[in-house]
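The values are calculated or read from the model by the stated rules, or taken from the named source; none is laboratory data. What you are looking at is a predicted structure, and each value in this text was computed from that prediction instead of being measured. Virtual Cβ from ideal backbone geometry, glycine too; neighbours counted across all protein chains shown. For accessibility, only protein heavy atoms count, side chains too; no ligands or nucleic acids. Shrake-Rupley method; radii C 1.70, N 1.55, O 1.52, S 1.80 Å.
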Amino acid sequence: MRNLNRLWIGGILVLMLIATEFVAVSTFAATGANASSNQDILLQYEWSQFNGGSSFSRFSAGPAPDSSAILWKANVTGIQTYISAFDGMIFVGTNTSVVALDQATGEKLWETPIPMTATWPIAYKIDDAHMIVESSCLDPKTGKILWTSSNFTADTGIFNANVYSPEEKMFYTKVDSYIKAWSFADPANPPTLVWTTYIPGGGKTGIGTTYGDGKVFAGSFENQQLALDAKTGDVLWTTLTKGPMIFSGSYYDGRFFRGGTDDNTMYCFNATNGEILWTYTPNTDGYFTTGCAVAYGMVYEMNKDGHLYAFDIKTGNLVWKYKGPDETLLWPGMPTVADGKVYVTTGQVAQYGGQVGTSEFACLDAYTGRPIWKLPIEALAPRESVAVAYGKLYLIPGNVTTSVDAISGSEYTTMNEVWAIGSNAIPVSDWPMWRADAAHSSTAQTGPSNLTLAWKFTTNGAVISSPSVADGIVYVGSQDRNIYALGAWSGNLIWKFTTLDAVESSPAVAGGKVFTGGDDGYVYCLDAYTGARVWSTFVNGNLPYTYGSLVLKSSPAVVGDKVYVGSLDGFLYALNVNNGNIDWKFKTEGPILSSPAVSDGAVYFTSEEPTAGALYKLNAATGAMLWKQEIPYEYQFTGGTEMIGSPSVAAGMVFASSDLRTYYGINAVTGDIVWTFSDPAAMEFIVSSPIYVNGELYIIDKFSITSLNATTGKTIWSFFTGDELYVSPAYADGKIYIVTSQRHIYILDARNNGTKLAGFTTPSSSWSSPTISNGRLYVGNNDWNVYCLTNLVTYEEPTPPPEQSTSGGYVFLIVAIAIIILAVAIVVVNTIKKRRKSSTYKFSEGQ
């Protein structure tokens, strides 16, 4: 009986193990599924070659992990030091082969042996069908070798960081003291040599080659920095320095950055003429080496003195520095920057003089240097085997020894692993038009719980327009006459389109196109990815108008094949999405400042008419009026009757407002007023749109956010903010986001009577409404900036990394084996039970 109990206990334990594994796998699968196909948007954020891209900025424009949680580990026996990520895969090399891993699971997809010409293979993306490793070209999807060159190789020696320029379709390699340019105009065949340029003091090793804006930047051991014409190889300029210009530099926005070794000086060159714009020399016994990163108006580089330095790219002023665990570093690596964070090896065990250091890999706030998390590992510095791609951090953990690169080039200790840090469920969502959608729901699924700066983008005028976000791009207008497209996670400029006047209307995005109105009177349709004009239609939106308060313009709503927008000429326009033709227009008795809401085949909007405001419902297809409801004006001492507040539609009701003081709940079918809410003390113009959530209606009531019963209009709660409130709030997962005219952004707890949860202060007021997308808040400001705010991540105490390696495909194998074991155990137990019953029966019979 005791043995039987043990079998049952063993079976139960196995069942528990299976249940645990099943829950883990199910959670992983569900998380990935709930993240939706929008996760595919993240596949655009690649790390296509050594140092990320041709400019060697080591910057990823996508999201990046806040936590050190390890998503997966993959075994790669004999792994070498470099890592690339493109086409949805991770690429690493061994001494004999190139390996492709699945970016989400770490499962090995293929491994191809290739001829090796040097020690550390690097994968370079040429296009979606061709990649280069050493002297071979492979198909990224299958690993099939397409060709191998007898003349060209991408790997030409220790620290000779070579570069592929997709802009030029040229590969630039350093071979001894020469820079060679190879044409990849036809990647189906081996490249042809275009030019060769001698670099005085080039040396055999240790000099990186960087591309930027039609130039190739080559260093030298002869204390000079050179720039070559990328097409011809002609030397454009040579600038003398006070130390060798070796290892890697970075190009950014007309500037080239390189750290000097012997003189311990960081250099910033004018990339056009070679003028030294600034230098920085720390008062330490160290030197800059290996390479830098550039992002957020700063250049970051590690120093042998144990510090990571962050400099202002325009002035060279020190913004911050971070000290690692030791007084020195044996050989510093290179920082990687993404999503407001810096990732870098900041501590090394190996030290000269018999000392023993401390391994440390740190994630720091890119703006302040504040530690976010640390791991007790190294990422194979000095090469810094790190890539940020697809929203994750990939690294090859490993250490160097004191004889690094001095004997065989193999003075490294690795775990033979690739790690993925991050999540397969990164918040990805759209907010494609003013107030989120055509019905003006003003809601998102997930928003930040507190606020810290992820990035800001500076225009040349106030940003009154509210941002819209779609497919990882932020669209917004500015008073500087431009419509901007910015990277949603980076703030990088993708394109801008110049109109004839200020752009205060908010964009709408649909079908790969961006629609917005300009103060020049036109509605514009632009290609969402290039900014090219598709069409423009004049709608008289440039008429003179005297505002009594904030300056806001009607923003378009796009539904089906029509763009709906109001105009100061009193017409509501329905434009054809494809060509901008006026499908219909409806004449009211006054200017239309509100933004139309569209729901269930109808268009709702307000108009400022001579004796009273009016709320209209039109047939969205034909423009025929279905009903009109008069909205009495409310008056104040300073005058004005502008109807800027825009209606929202939900739960069979239209929620609208007068010019000030009063809100209405109106039956969407009949147009009858169901309830009225009025605050006699409210003297500010209403410029917002109410938010309906689960039977509650959130409105701005003077200095307060107020929750009303959406059915009756009765007050549920009201929270006094102490600030002047005007523009529309936003809502996400129980939180209300508001911006004020007193330079504040607040998060309020909608489930706790509007209690203030968090805040952020800007230099000026915001007339732009907050947008919630990708788990972040985007808003324009009168200080000329667009802000992206995200969760403030508190410091995560370092914990030892898990010891065991896993790969996504193995989990299911473990589950299958466990199921088989349990099945066998059950069969054995049942067999024993039957035998015991049989024996007992026979024994009883014998008695």
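If you plug each phi of the range 448-462 into the Karplus form 6.51 cos²θ - 1.76 cosθ + 1.60 with θ = phi - 60°, what whole-Hz ³J(HN,Hα) values come out, in order, with x for Gly and Pro?
Calculated HN-Hα couplings, in order: x, 8, 8, 10, 9, 6, 8, 6, 9, 10, 9, 9, 10, x, 4 Hz.
Placing +1 on the Cβ of each Lys and Arg and -1 on the Cβ of each Asp and Glu in the chain, which of T498, N581, V163 has its Cα farthest towards the positive end of the resulting dipole?
Positive-end residue among those listed: V163.
What whole-number distance in Å separates the alpha-carbon centres of the range 510-579 and the range 600-652?
19 Å
Relative to 2.2 N^0.38 Å, what does the C-alpha radius of gyration of the range 169-308 come to as a ratio? Two decimals please. Walk me through the numbers before you get to the answer.
On the way: Rg = 15.1 Å, N = 140, 2.2 N^0.38 = 14.4 Å.
Output field value: 1.05.
What dipole magnitude, in Debye to the nearest 20, does the range 111-264 give about its Cα centre under +1 on Lys/Arg Cβ and -1 on Asp/Glu Cβ? The partial results should precede the final answer.
Numbers: 12 positive and 17 negative charges, 24 e Å.
Approximately 120 debye in magnitude.
Provide the per residue accessible area, probe 1.4 Å, for the range 57-143, rounded to a whole number of square angstrom.
For the range 57-143, the solvent-accessible area averages 29 Å² per residue.
Of the listed values (i) 66, 38, 22; (ii) 39, 35, 26; (iii) 52, 40, 25, grab the one calculated as semi-axes √(5λ) of the Cα gyration tensor in Å from the structure here.
(iii)
Let me know the charge dipole size of the chain about its Cα centre in debye, to the nearest 20, where only the beta-carbon of Lys, Arg (+1) and Asp, Glu (-1) is charged. Please report the intermediate quantities before stating the final value.
Values: 52 positive and 73 negative charges, 500 e Å.
I would put it at about 2400 debye.
Express in nm, to one decimal, how much length is gained between R533 and Q44 on full extension, taking 0.36 nm for each residue of separation and deducting their alpha carbon distance.
Length difference between fully extended and current span is 173.6 nm.
How do D139, D305 stack up against each other in accessible area, from largest to smallest, with a 1.4 angstrom probe?
D139, D305
Sequence-distant or interchain residues sharing an amide H contact under 5 Å with E378, placed H: which?
G398
Please work out the Cα center distance from the range 673-745 to the range 77-122, rounded to the nearest Å.
Each part reduced to its Cα centre gives a spacing of 55 Å.
Amide H to amide H, which residues 5 or more places from D583 or on other chains are under 5 Å from it, using H placed in the peptide plane?
Distant-sequence amide H within range of D583: A574, L575, N576.
Counting only protein chains, not ligands or nucleic acids, how are Y251, Y564 ordered by accessible area (probe 1.4 Å), most first? Mind dumping the intermediate values first?
Working: Y251 35, Y564 10 Å².
Descending order: Y251, Y564.
³J(HN,Hα) across the range 727-737 via Karplus (A = 6.51, B = -1.76, C = 1.60, θ = phi - 60°), whole Hz, x for Gly/Pro?
Taking θ as phi minus 60°, the curve returns 6, 4, x, 9, 9, 7, 5, x, 10, 10, 10 Hz for the range 727-737.
Taking 0.36 nm per intervening residue step and subtracting the Cα-Cα distance, what contour gain separates T638 from D520 on full extension?
So the chain would gain 39.6 nm between T638 and D520.
For the range 286-325, which trypsin sites (Lys or Arg not before Pro) pass both filters: DSSP loop (anything but H, G, I, E, B) and at most 16 other C-beta atoms within 10 Å? If you can, show how the numbers build up before the last one.
Working: sites: K304, K314, K321, K323; in loops: K304, K314.
When the trypsin sites (Lys or Arg not before Pro) of the range 286-325 are filtered for loop state and at most 16 Cβ neighbours within 10 Å, K314 remain.
Amide H neighbours of A161 under 5 Å, counting only residues 5+ apart in sequence or on other chains, H built in-plane at 1.01 Å?
Those qualifying (amide H under 5 Å, at least 5 residues apart or on another chain) are I207, G208, T209.
Summing +1 for each Lys or Arg and -1 for each Asp or Glu, what net charge is found among the other residues whose Cβ lies under 14 Å from the Cβ of S449?
+1
When the solvent-accessible surface of protein heavy atoms is calculated with a 1.4 angstrom probe, in what order do I41, I673, I592 fall, highest first?
On the way: I41 25, I673 70, I592 5 Å².
Correct descending sequence by accessible area is I673, I41, I592.
Between K169 and D262, what FRET efficiency follows from the Cβ-Cβ distance if R0 is 35 Å, with the result rounded to 0.05?
0.45
So what is the relative contact order of the chain, in percent, for Cα pairs below 8 Å that sit 6 or more residues apart?
10 percent
Mind checking the per residue accessible area of the range 220-300 for me, 1.4 Å probe, whole number of Å²?
37 Å²
Any chance you could give the angle, 0 to 90 degrees and rounded to 10, that helix 808-846 forms with the longest Cα principal axis of the chain?
The answer is roughly 90 degrees.
Multiply the residue gap between N578 and Q355 by 0.36 nm, knock off their C-alpha separation, and tell me the result in nm, one decimal place.
73.3 nm
Given +1 on the Cβ of Lys and Arg, -1 on the Cβ of Asp and Glu, and no further charges, what dipole in debye does the range 202-342 carry about its Cα centre, rounded to the nearest 20?
Once rounded to the nearest 20, the dipole reads 160 debye.
With point charges of +1 on the Cβ of Lys and Arg and -1 on the Cβ of Asp and Glu, referenced to the Cα centre of the chain, which listed residue (S718, T142, Y484) lies farthest in the positive direction of the dipole?
Highest projection toward the positive end goes to T142.
Give the share of C-alpha pairs in each 5 angstrom bin for the range 105-178, from 0 to the last occupied bin, in whole percents, shortest bins first.
Cα pair-distance distribution for the range 105-178, in percent: 3, 15, 26, 25, 18, 9, 3, 1, 0.
At a Förster radius of 41 Å, what calculated FRET efficiency corresponds to the Cβ-Cβ distance of M625 and N450, to the nearest 0.05? Don't skip to the end; give the middle numbers.
Values: r = 47 Å, r/R0 = 1.14.
Using R0 = 41 Å, I get an efficiency of 0.30.
Ignoring ligands, DNA and RNA, what percent of the 1.4 Å accessible area of the chain is carbon and sulfur?
C and S atoms contribute 54 percent here.
With a probe of 1.4 Å, find how much accessible area the range 301-379 has per residue, and write the answer as a whole number in Å².
On the way: 2320 Å² over 79 residues.
Per residue, the range 301-379 has 29 Å² of solvent-accessible surface.
So which of K314/K341; K456/K513; K180/K323; K392/K456 end up more than 28 Å apart by C-alpha?
In this structure, K180/K323 lie more than 28 Å apart at Cα.
To the nearest 0.05, how large is the calculated FRET efficiency for N317 and N283 if R₀ is 22 Å and r is the Cβ-Cβ distance?
0.90
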